[in-house]
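Asks: Provided herewith is a single structure, encoded as structure tokens, for subsequent inquiry.
Every number in this text was worked out from the coordinates using simple rules, so none of it is lab data. Here the structure is a predicted model, which means the values were calculated and not measured. With ideal geometry, Cβ positions are generated from the backbone for all residues, glycine too; neighbour counts draw on all protein chains shown.
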């Protein structure tokens, strides 16, 4: 790997190896446990930023507040305005008093939810779980990996959302062991629409002041919606990734936003996605003619190499788990798996912080 004084150029010392994009093991990299960020950086925009230019193969080490220098007037920044629910609930079986943990994953209708339950071996169809005297639920269906469908029953004194605030906590990812001092730190500053079980973490680096400075520079910011499910943390267990069942997530694109993005694209302005969730929305919503269509639906899009991006021109993202669907998406965007792994190994060597509360990448 060549290293210049100011910048680094990603190259392979050895002859480039052919990597099979369909093998899970292709996307493995070695990550020391101490590189997994346990707490967020303060202020938000003082996290580090690894910048990679695909055209000249150049790497720069910056801080997130430097993103203003990497974006150009006229660029369109696409953010996901989902808001994280207090989706981790603790209750007990009404029959035995055994403790049960419920992680809300996706709302089906007014009373029914898809959830992950622990320990699932203690549950069967018909099991009743009590949270307090005013709200309980019943298991109506069991699936794999702890997945269940449950029906909530609660008093009409309060709405379900009000009950949820009382009984729920922020569902931090399983690799974060330290307690979060403020639940708001696991929300983006532009979070609006409740429904996620996890944060769109690339957006956690933005501050209101940075957003304002971007607008003043002439960068247009638009919002889409994708409710992040717990399936985003589900590991790929199949050796052949084609056998992996991709999780489904609900997304929305308004007619006004679709019109703005299509106009920007037609004018040759860059579409910059903030996070893999925004990528999933944009690539799911763009038709074969390259036009983004307004819609509200579920997506199970699985992006892995080789993939031809229809809408996204640049990407802001965090560093993702080895062998995850997210590093597969990033590898697709970088355009080369070897280069992606080199970038990740460089980030490890340079002591970047990884995962949800970690540092960020800008790929253009």
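Asks: Would you mind ranking 39, 82, 317 by Cβ crowding within 10 Å, fewest neighbours first?
Replies: Numbers: 39 13, 82 31, 317 23.
Listed from fewest to most nearby Cβ atoms, that is 39, 317, 82.
Asks: So if I take the centroid of the Cα atoms in the range 167-199 and the same for the range 290-364, what is the distance between those two points in Å?
Replies: The two parts, judged by their Cα centres, are 21 Å apart.
Asks: Suppose R0 equals 45 Å. What FRET efficiency, 1/(1 + (r/R0)^6) with r the Cβ-Cβ distance, do residue 267 and residue 95 give to the nearest 0.05?
Replies: On the way: r = 63 Å, r/R0 = 1.41.
About 0.10, to the nearest 0.05.
Asks: Something else now. Report the Cα centroid-to-centroid distance between the range 118-139 and the range 12-84 in angstrom, as an integer.
Replies: 40
Asks: Out of all DSSP beta bridges with both ends in the chain, state the antiparallel percent to the nearest 5.
Replies: Numbers: 54 of 73 bridges.
Here the share of antiparallel DSSP bridges comes out near 75 percent.
Asks: Give me the number: length gained by fully extending residue 28 to residue 348, i.e. 0.36 nm times residue separation minus the C-alpha to C-alpha distance, one decimal in nm.
Replies: Roughly 113.9 nm would be gained on extension.
Asks: Another question, if that's okay. Please label the shape of the range 162-254 as rounded, prolate or oblate, based on the square roots a ≥ b ≥ c of the eigenvalues of the alpha-carbon gyration tensor (a/c under 1.5 means rounded; beyond that, a/b larger than b/c means prolate, else oblate). Present the calculation step by step, with values, prior to reporting the outcome.
Replies: On the way: a/c = 1.84, a/b = 1.31, b/c = 1.41.
Oblate is the answer for the range 162-254, as a/c is 1.5 or above yet b/c matches or exceeds a/b.
Asks: Still on this structure, please answer the following. Quick check on packing: order 170-176, 54-60 by the mean number of other C-beta atoms within 10 Å, highest mean leading.
Replies: 170-176, 54-60
Asks: I would also like to ask the following. Using Cα atoms only, what is the angle between the long axis of helix 255-266 and the major principal axis of the chain, expressed in degrees (0 to 90) to the nearest 10?
Replies: Compared with the principal axis, the helix lies near 20 degrees.
Asks: When the helix-only estimate is applied to the chain (DSSP H runs of n ≥ 4, each -39,500 (n - 2.57), divided by the residue count), what is the mean residue ellipticity at 222 nm, nearest 500 deg cm²/dmol?
Replies: Helix-only estimate at 222 nm: -5500 deg cm²/dmol.
Asks: Residue separation times 0.36 nm, minus the C-alpha to C-alpha distance between residue 141 and residue 308: what's the value?
Replies: Taking 0.36 nm per residue and subtracting the Cα distance, the gain is 56.3 nm.
Asks: Further question on the same structure: Rounding to the nearest 10 and keeping the result within 0 to 90°, find how far the Cα-based axis of helix 325-334 lies from the longest principal axis of the chain.
Replies: The angle comes out near 20 degrees.
Asks: Now, a different point. Can you tell me the relative contact order of the chain? Whole percent, Cα pairs under 8 Å, sequence separation 6 or more.
Replies: Numbers: 742 pairs, mean separation 86.7, N = 364.
The value is 24 percent.
Asks: What FRET efficiency, computed as 1/(1 + (r/R0)^6) with R0 = 51 Å and r the Cβ-Cβ distance, is obtained for residue 289 and residue 110, rounded to the nearest 0.05?
Replies: Efficiency at R0 = 51 Å is approximately 0.85.
Asks: Kirkwood hydrodynamic radius for the range 88-169: how many Å is it when counted over pairs of different Cα atoms?
Replies: Numbers: mean 1/r = 0.0802 Å⁻¹.
When all Cα pairs of the range 88-169 are included, the Kirkwood radius is 12.5 Å.
Asks: How would 327, 157 line up from fewest to most surrounding beta-carbon atoms within 10 angstrom?
Replies: 157, 327
Asks: If you don't mind, there's one more thing I want to ask. Given 0.36 nm per residue, what is the gain on full extension from residue 62 to residue 221 after removing their alpha carbon distance, in nm?
Replies: So the chain would gain 55.0 nm between residue 62 and residue 221.
Asks: So what is the relative contact order of the range 88-169, in percent, for Cα pairs below 8 Å that sit 6 or more residues apart?
Replies: Details: 156 pairs, mean separation 22.2, N = 82.
Relative CO of the range 88-169 lands at 27 percent.
Asks: To continue, here is another question. Given a Förster distance of 30 Å, report the FRET efficiency between residue 125 and residue 165 from their Cβ-Cβ distance, rounded to the nearest 0.05. The partial results should precede the final answer.
Replies: Numbers: r = 29 Å, r/R0 = 0.96.
It comes to 0.55.
Asks: Given the options 179, 217, 310, state which has the largest fluctuation in a GNM of the chain using a 10 Å cut-off (strictly under) for Cα springs.
Replies: The residue with the greatest mean-square fluctuation here is 179.
Asks: Please tell me the relative contact order of the range 264-364 in percent, rounded to the nearest whole number, where contacts are Cα pairs under 8 Å and at least six residues apart.
Replies: 30 percent.
Asks: If neighbour count is taken as other Cβ atoms inside 10 Å, put 122, 270 in order from fewest to most. Write out the running numbers ahead of the final one.
Replies: Numbers: 122 14, 270 17.
Arranged by neighbour count, lowest to highest, 122, 270 become 122, 270.
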